[in-house]
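Each remark here refers to the structure printed beneath this line.
All of the numbers you see were taken from the coordinates with simple rules; none came from a lab. Keep in mind that this is a model prediction, so the values were computed, not measured. For neighbour counting, all protein chains shown are included, and Cβ atoms are generated from backbone atoms with ideal geometry for every residue, glycine included.
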Amino acid sequence: MKLAVRTMLSLMLALAPISARAQDSQQGDDKVVNVARDDPDMTAAIAQARASLDQFLALSDAPPAGTSDYKLKVEVRDGDTSEHFWIIPFHRTATGFAGTLANEPQAVHNVVAGQELEFTRNDVSDWGYTKNGRQVGSFTVCVLFKTMAKEDVDYYRENYGFDC
């Protein structure tokens, strides 16, 4: 099984492939990379993001100086297929969260880029923000770097401030 990884390093989980994105598709640099669906590093990255979600949400509620671009990555299911998307911006609701789907779907057909989406914390697979021009969080993106071409990784590090 493969995990198709997309630029904003969103993550598409399906019975077959998974896909993830490095940056939001509005940047115009969306592309697919493959990673094994049962990859232990990806599983650990999602667990790390979920374990630290409360600290991230506290920061997003009162962003410290020098921070910006707070985002969540969430899983969207469509039958037996699922895909992970960045939600930018997002906000809390009475039942969880809502925000704008930042990526163009590749595997699921029940959502579209730019759509307002409601979701719960159980749907969250990653989070991230920028601090003084450097990325914080985005744990799944760092895993994707292990399978991406060096030129692509260098591009994301230089243009988006990834330090992993």
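Express in nm, to one decimal, how much length is gained between residue 111 and residue 157 on full extension, taking 0.36 nm for each residue of separation and deducting their alpha carbon distance.
Here the segment from residue 111 to residue 157 would lengthen by 13.6 nm.
Residue-wise, which Karplus ³J(HN,Hα) couplings in Hz belong to the stretch 52-58, taking 6.51 cos²θ - 1.76 cosθ + 1.60, θ = phi - 60°, and x for glycine or proline?
9, 4, 4, 5, 4, 5, 4
Please give the peptides 97-110, 75-88 ranked by average Cβ packing (other Cβ atoms within 10 Å per residue), highest first, as a rough proxy for protection.
Top of the packing list down: 75-88, 97-110.
Using θ = phi - 60° and the Karplus relation 6.51 cos²θ - 1.76 cosθ + 1.60, list the HN-Hα couplings for the stretch 150-164 in order, rounded to whole Hz, with x at every Gly or Pro.
Values, residue by residue: 3, 4, 5, 4, 4, 4, 5, 5, 6, 8, 10, x, 7, 10, 8 Hz.
What are the residues whose amide H is under 5 Å from the amide H of residue 126, where those residues sit 5 or more places off or on another chain and H is modelled from the backbone?
73
What spacing in nm lies between the two simple spin-label points modelled at residue 44 and residue 80, each 7 Å away from Cα in the Cβ direction?
Here the modelled spin labels are 3.1 nm apart.
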